[in-house]
1. If the elastic network links every pair of Cα atoms under 10 Å, which of Ser268, Ser226, Ser33 fluctuates the most in the Gaussian network model of the chain?
2. Over all directions, the average projected area of the alpha-carbon convex hull for the range 142-187 comes to how many nm²?
3. Placing unit charges on C-beta atoms (Lys and Arg positive, Asp and Glu negative, everything else neutral), compute the dipole magnitude of the range 1-108 about its Cα centre in debye, rounded to 20.
4. Once Lys and Arg get +1 and Asp and Glu get -1 on their Cβ, which of Leu198, Gly188, Pro79 lies farthest toward the positive end of the dipole of the chain?
5. How many times 2.2 N^0.38 Å is the alpha carbon radius of gyration of the range 206-245?
6. Could the peptides 235-246, 198-209 be put in order, highest first, of the mean number of other beta-carbon atoms found within 10 Å of their residues?
7. Report the per residue volume, in Å³, of the convex hull enclosing the C-alpha atoms of the range 194-292.
8. What value, in deg cm²/dmol to 500, does the helix sum -39500 (n - 2.57) over DSSP H runs of n ≥ 4 give at 222 nm once divided by the residues of the chain?
Amino acid sequence: METTGITRAIRAATSVAASLGLPADDAIVLHDSNRLALRLTPCDTLARVAPSGHEAAQYEVELAQRLARAGCPTGLLEPRVDPLVYARDGFTVTLWTYYEPVAPHTSPVDYAKALERLHAGMREVDVPSPRFTDRVAEAEAVVADPDRSPELADADRAFLGGRLGSLRRAIEDRGAVEQLLHGEPHPGNVLSTGNGPLFIDLETCCRGPVEFDLAHVTEAVGEHYSNVDRELLDECRELVLAMVAAWRWERGDQLPNRRRFQQEFLRSLRAGPPWPTLDTVAGRCDRSSGTLHEPGEHDRL
C-alpha cells in the first residue's frame, strides 16, 4: 500500500479493535503486500487489512473456522471477538490470534509433518474452492495481456505462456487424486510458534494434487513428506516456477529486487531439469544482489 493508504488502514484496524473492546493504542506493520498485516498492541492481536471489495476475506474467515474444528495446524481467529469481516472507512478488517515467533525456524521434519496434518484435515472439509488450474489461468492471463505485463519481451511472453499451458495440460492428464490444498504453503506462510508450525494466509486455498503444495516448499521438506509422486512433483515445481515468473512480470508487482527475480525465473525455466525449488531461485537472486529476502504473507513466492 502507499504510505497514505497504510496510515488509513492502521486507523481503520485500531478503530475496529477499540470498538470491540480490544485496546489498540499502537500498530506494528508486520507485512505489506496485497493486504496489510498489523500487530495491534497492547491487546496483542493480529489484524489483516485490505481495501474494501477484497472478497477472499469472508472465505478465509469461514475456512479458518472449519479447519480449526478439523484440528488443522492453522492460525486461529481472535477468540475475544466474533469471527466476522469488519468494514471500516473503505477497508475490510479481520482479527486473528497473534503468535510470538520462536527460534529456530521450523525443521524440515516438523514442517513436513505439519503439512501432512493440514492436508489430512483438509480432506475432511467440504467447501467450494477454485481448482489449481484456475490459479494457472490467472498467471496465463497476466502473460497474455501486454497491458498487464508491459515489460515482458515478445519471445519471453511466447515461451512463458507456452510453458504454463503445456504444464497445466500435462498435470491434468495425469488424473492424480485432488483435494483441498493451502495453495502457497511456502515458508513465508508458516509461523514457527510454541504450538509448533502453523499455516496462515488461507485465501490461496484451491483443489489439486498434494504435489502442487509440495512444489512451494524446500527440497528437504518434500523429502520427509510421505507417498509423494516424484514425477508429478517435478512437473508441479516447473509449473510453480512459471506461475511465479508470471507474477514477477505483472504491472505493479512490488517484490524487492523484482528485476533480478524476473530474469532468474526465466533463466531457471530455460535451463531445464532438475527444477529448482522456490527458495533456491530466491537464494540465487539474493546472492547476486547482496540482499536477503524473507518471503512474507502472500508474496507469491
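1. Judging by the Gaussian network model, the answer is Ser226.
2. Answer in nm², one decimal: 4.8.
3. 140 debye
4. Result: Gly188, furthest along the dipole toward the positive end.
5. 1.07
6. 235-246, 198-209
7. Convex hull volume per residue, Cα atoms: 141 Å³.
8. So the helix-based figure for the chain works out to -14500 deg cm²/dmol.
Here, each number is a calculation from the coordinates, and none is a lab measurement. Model, not experiment: these values are computed from the prediction. Cβ coordinates were reconstructed from backbone atoms using ideal geometry, including for glycine residues, and neighbour counts include every protein chain displayed.
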